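These notes concern the structure reproduced below.
The values are calculated or read from the model by the stated rules, or taken from the named source; none is laboratory data. As the structure is a computational prediction, the values presented were derived from the model and not from experiment. Cβ sites come from the backbone with ideal geometry, for glycine too, and all protein chains shown count toward neighbours. For accessibility, only protein heavy atoms count, side chains too; no ligands or nucleic acids. Shrake-Rupley method; radii C 1.70, N 1.55, O 1.52, S 1.80 Å.
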Amino acid sequence: MNASVLVAPRTSGELDRAARELFGAEFGGAPSGTWLAPGRANLIGDHVDYAGGVCLPFALELATVVAARRRADRVVRIVSIAPSGERWEASVQLDALTGVGELPDFRGYVAGTIWALGAGGLDVAVVSDVPVGSGLSSSAAVECAVAVAARDVFALGLSDDAVVAAAMRAENDVVGASTGGLDQRASVSGAPGSAVAIDFLSGTHRLVPCRFEGLSFAVINTRAKHSNIDGGYGTRRGLIDAASQALGSAAAFREPAAVDDAVAWARRAGRDPEVVRRRVRHVVTEITRTQAAIEALEDADAVAFGELMDASHDSLRDDFEVVTPELEVAVQAARCAGAVGARMTGGGFGGSIVALCADPAAVAGAVTEAAEAHGFPRPQAFCCLPQAGARRIG
């Protein structure tokens with residue numbers, strides 16, 4: 001299997017041209033500009049952002065670009081070409097939005113973000129290379145590209161933190177999908193050559209150099225569709241939210257005693273103690289693993305980092321139970337093909353894996369062969385390096 005198995009995403013210039021062409025064909029004339037926001041892969045630290053945990057994502061070369069122009073009214077007109085080539089069109093009256101989950105589709109990601117920012121009407125053309133349902137934050141990429149576009153077009157003077165907050169509000173309130181903010185922060189704050197270490201308890205983040213000599217990250221979309229709107233994600237978040245409230249605060253998850261304390265609460269509350277034990281154990285150990293992984297990244301210790309990636313995946317599979325057969329087959333194939341570390345990335349229940357490896361093409365080839373042998377969809381594989389976050393490009 002050679003490098004042809006790896007998919008090359010479009011450059012920012014190619015996405016810029018595609019967005020301008022779509023805008024002109026749909027709305028006539030030229031947009032005020034174009035703005036890009038990347039998808040993300042989380043290296044470690046999944047299902048802990050909403051538990052006051054620590055996460056380590058990086059911004060991908062896979063990106064979304066929007067072309068936008070201000071309107072005189074309060075209407076958002078949207079045209080979008082999805083990575084699959086599917087065309088979506090919509091018109092949304094901003095004054096009709098209330099933030100109660102009334103737009104659980106692409107309209108909510110676009111118009112909901114504009115509404116959350118307090119901006120006005122826009123014509124928006126969206127093109128994207130971030131596969132929908134891949135667990136690589138296609139929704140956050142759309143939200144953050146739209147947010148920086150609206151910020152500039154309406155000269156709102158808002159900070160990046162305000163952009164992240166508006167994108168989260170759109171997804172949580174308008175779309176009705178649970179998100180803890182990992183995706184939006186990574187899409188806005190990413191930087192070339194760096195991962196973003198995010199501490200959700202302190203509300204801080206910092207860039208960490210993300211380089212291992214002779215190694216790269218292969219990001220492989222299994223094409224088993226993932227959605228944060230589906231019940232599995234919400235059920236697990238609901239349990240962790242309830243445990244956090246019972247334990248007094250999310251800070252409790254920083255201590256090993258949280259597992260036994262949560263089990264005692266489960267017995268009092270009539271919940272399944274063993275399920276609570278496993279779910280909370282994942283959160284507690286994942287936070288510790290991610291803190292150790294940040295140190296390993298700073299020390300350029302690939303072996304330690306890979307071992308932590310592996311342990312994280314195993315915990316997501318055994319304790320949090322969000323790993324599908326497609327994800328498990330992909331991870332095991334990547335490990336057998338020589339990956340230093342491999343794990344699912346994102347919310348699980350489908351989506352993608354990320355593997356640290358010397359030969360991304362060989363790993364991608366092994367994962368593809370394993371998927372085909374099991375009758376699964378043919379994966380999409382990318383060799384990715386950390387990129388810059390949301391910004392104007394034209």
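Could you give every pair whose Cβ atoms fall below 9 Å, whose first residue belongs to region 235-248 and is over 15 Å from residue 260 (Cβ atoms), and whose second residue is open to solvent by 50 Å² or more (accessible area, probe 1.4 Å) and of a type outside the set (Phe, Trp, Tyr), counting only separations of at least 6 or pairs across chains?
236/321; 239/271; 242/269; 242/271
Please determine, by comparing only the residues of region 188-206 that are in a strand (DSSP E or B) and among the hydrophobic types (A, V, I, L, M, F, W, C), which one is farthest from residue 288 (Cα to Cα).
Restricting attention to region 188-206, the residues satisfying the condition of being in a strand (DSSP E or B) are 191, 194-199, 204-206.
From the residues that got through so far, the ones that are among the hydrophobic types (A, V, I, L, M, F, W, C) too are 191, 195-198.
Details: 191: 24, 195: 18, 196: 17, 197: 13, 198: 13 Å.
Within region 188-206, the match that is farthest from residue 288 (Cα to Cα) is 191.
Checking residue 332 against (1) farther than 30 Å from residue 12 by Cβ; (2) open to solvent by less than 30 Å² (accessible area, probe 1.4 Å), which test does it fail?
Looking at each condition in turn, residue 332 falls short on (2).
Touching a His at 6+ places or on another chain (Cβ under 9 Å) and of a type in the set (Val, Ile, Thr): is that true of residue 198 in this structure? Show your work before the answer.
Details: touching a His at 6+ places or on another chain (Cβ under 9 Å): yes; of a type in the set (Val, Ile, Thr): yes.
Yes.
For region 265-293, name all the residues that are open to solvent by 50 Å² or more (accessible area, probe 1.4 Å) and in contact (Cβ under 8 Å) with a residue 60 or more places away in the chain.
291
Consider region 348-360. How many of its residues are open to solvent by 10 Å² or more (accessible area, probe 1.4 Å) and not aromatic (Phe, Trp, Tyr)? Full working, then the answer.
We begin by selecting, within region 348-360, every residue open to solvent by 10 Å² or more (accessible area, probe 1.4 Å); these are 349, 358-360.
Subsequent filtering for residues that are not aromatic (Phe, Trp, Tyr) retains 358-360.
Result for region 348-360: 3.
For region 191-227, which positions are surrounded by fewer than 24 Cβ atoms within 10 Å (Cβ to Cβ), out of contact with any Leu (no Cβ under 8 Å at 6 or more places or on another chain) and under 16 Å from residue 345 (Cβ atoms)?
Residues satisfying the conditions are 223, 225, 227.
If you scan region 313-340, which residues turn out to be in a loop (DSSP other than H, G, I, E, B) and under 20 Å from residue 235 (Cβ atoms)?
Taking region 313-340 as the starting set, the residues that turn out to be in a loop (DSSP other than H, G, I, E, B) are 319-324, 337-340.
319, 320, 321, 322, 323, 324 - these are the residues of region 313-340 that are in a loop (DSSP other than H, G, I, E, B) and under 20 Å from residue 235 (Cβ atoms).
Would you confirm whether any residue within region 159-173 is outside any helix (DSSP H, G or I) and either of a type in the set (Phe, Trp, Tyr) or at pLDDT below 95 (or both)?
Our first condition is that a residue be outside any helix (DSSP H, G or I); within region 159-173, this holds for 159.
Keeping just the survivors that are either of a type in the set (Phe, Trp, Tyr) or at pLDDT below 95 (or both) gives none.
Within region 159-173, none of the residues are outside any helix (DSSP H, G or I) and either of a type in the set (Phe, Trp, Tyr) or at pLDDT below 95 (or both).
Scan region 379-393 residue by residue and report those that are modelled with pLDDT under 95 and either outside any strand (DSSP E or B) or open to solvent by 60 Å² or more (accessible area, probe 1.4 Å) (or both).
Matches in region 379-393: 385 only.
Mind checking which strands (runs of 3 or more DSSP E) fall wholly inside region 19-133 and carry at least 1 residues that are surrounded by fewer than 23 Cβ atoms within 10 Å (Cβ to Cβ) and under 17 Å from the mean Cα position of the chain (by Cα)?
Details: elements: 33-42, 57-70, 75-81, 87-93, 122-128.
Where strands (runs of 3 or more DSSP E) fall fully within region 19-133 and carry at least 1 residues being surrounded by fewer than 23 Cβ atoms within 10 Å (Cβ to Cβ) and under 17 Å from the mean Cα position of the chain (by Cα), they are 57-70.
Which residues, counting only those in region 298-310, are over 20 Å from the mean Cα position of the chain (by Cα), of a type in the set (A, V, I, L, M, F, W, C) and surrounded by 18 or more Cβ atoms within 10 Å (Cβ to Cβ)? Steps first, please.
Taking region 298-310 and keeping what is over 20 Å from the mean Cα position of the chain (by Cα), we get 298-307.
Imposing the further condition that a residue be of a type in the set (A, V, I, L, M, F, W, C) reduces the set to 300, 302-305.
The answer is 302, 305.
So which residues in region 163-184 are open to solvent by 30 Å² or more (accessible area, probe 1.4 Å) and not polar (S, T, N, Q), if there are any at all?
Residues of region 163-184 open to solvent by 30 Å² or more (accessible area, probe 1.4 Å): 165, 168-169, 172-173, 176, 178.
Residues satisfying the conditions are 165, 168, 169, 173, 176.
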